[in-house]
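So the structure is just underneath, and the comments pick up after that.
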Amino acid sequence: MRPPKPADPRRSALMAKVRQRGTAAELAVAAVLRAAGHAYRLNVRALPGSPDFANRTKKWAVFVHGCFWHRHPGCARTTTPKTNAAFWQAKFEANQRRDAAAVQSLRDAGFTVVIVWECETENAASLRAKLQRSLKRVA
Ligand SMILES: [Zn+2]
């Protein structure tokens with residue numbers, strides 16, 4: 001999925017709040033978790049950052065992050081719009097701060113936290129390998 005290129009930052013900020021659910025990336029992760037026999041709940045609001053997938057008993061959480069909004073380091077999709085650059089910078093920084101705080105809170109609570117970037121979901125084999133590796137401890 002390509003990042004949106006809206007002209008009006010206020011409108012795009014509004015749209016960013018309407019989080020898409022059931023995106024292709026999330027479906028790919030769900031398929032791998034199911035195939036590996038991991039039980040999970042979706043969009044767990046009771047946990048910091050509302051992880052996309054989590055198992056509170058086994059203490060793991062998986063976030064599926066869009067590369068653009070969540071700033072995947074070194075990723076070609078992590079572009080910055082040239083217009084309203086200050087607005088975007090502030091927005092991205094706020095996202096990153098929120099993400100980091102959620103991960104920290106979960107880890108402090110003993111959770112294994114996995115960040116899956118959107119671009120990583122396009123290769124099923126490597127996605128499977130990553131999730132297997134990351135969730136080995138909690139399986
Ligand atoms: Zn990426």
* When DSSP assigns beta bridges and you keep just the ones with both residues in region 21-138, what percent turn out antiparallel, to the nearest 5? -> 45
* **Set of aspartates and glutamates near Lys59 by C-alpha distance (under 12 Å), chain-local residues within fewer than 8 positions excluded** => Asp108
* Asked: What ³J(HN,Hα) values, in whole Hz, does the Karplus curve 6.51 cos²θ - 1.76 cosθ + 1.60 give for region 28-41 when θ = phi - 60°, with x put for Gly and Pro?
  -> 5, 5, 4, 5, 5, 4, 4, 4, 7, x, 7, 7, 8, 10
* To do: Output ³J(HN,Hα) for region 69-79: one whole-Hz value per residue in order, computed from phi by the Karplus curve 6.51 cos²θ - 1.76 cosθ + 1.60 with θ = phi - 60°, and x for Gly and Pro.
  => 5, 9, 6, 4, x, x, 8, 4, 7, 7, 8
* Gyration tensor over alpha-carbon atoms, region 21-138, equivalent ellipsoid semi-axes in Å -> 25, 17, 11
* Dipole of region 21-138 [Lys/Arg +1, Asp/Glu -1 at C-beta], most positive-end residue of Cys75, Leu47, His65 -> Leu47
* **Using θ = phi - 60° and Karplus 6.51 cos²θ - 1.76 cosθ + 1.60, couplings along region 106-119 (whole Hz; Gly, Pro as x)** => 5, 5, 4, 8, x, 7, 7, 10, 10, 9, 10, 7, 3, 5
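The numbers here are math on the coordinates, done by the rules we state, and not lab data. In this text, all values refer to a predicted model and were calculated from it rather than measured experimentally. Note that we place each Cβ from the backbone using ideal geometry, even for glycine, and neighbour counts take in every protein chain shown.
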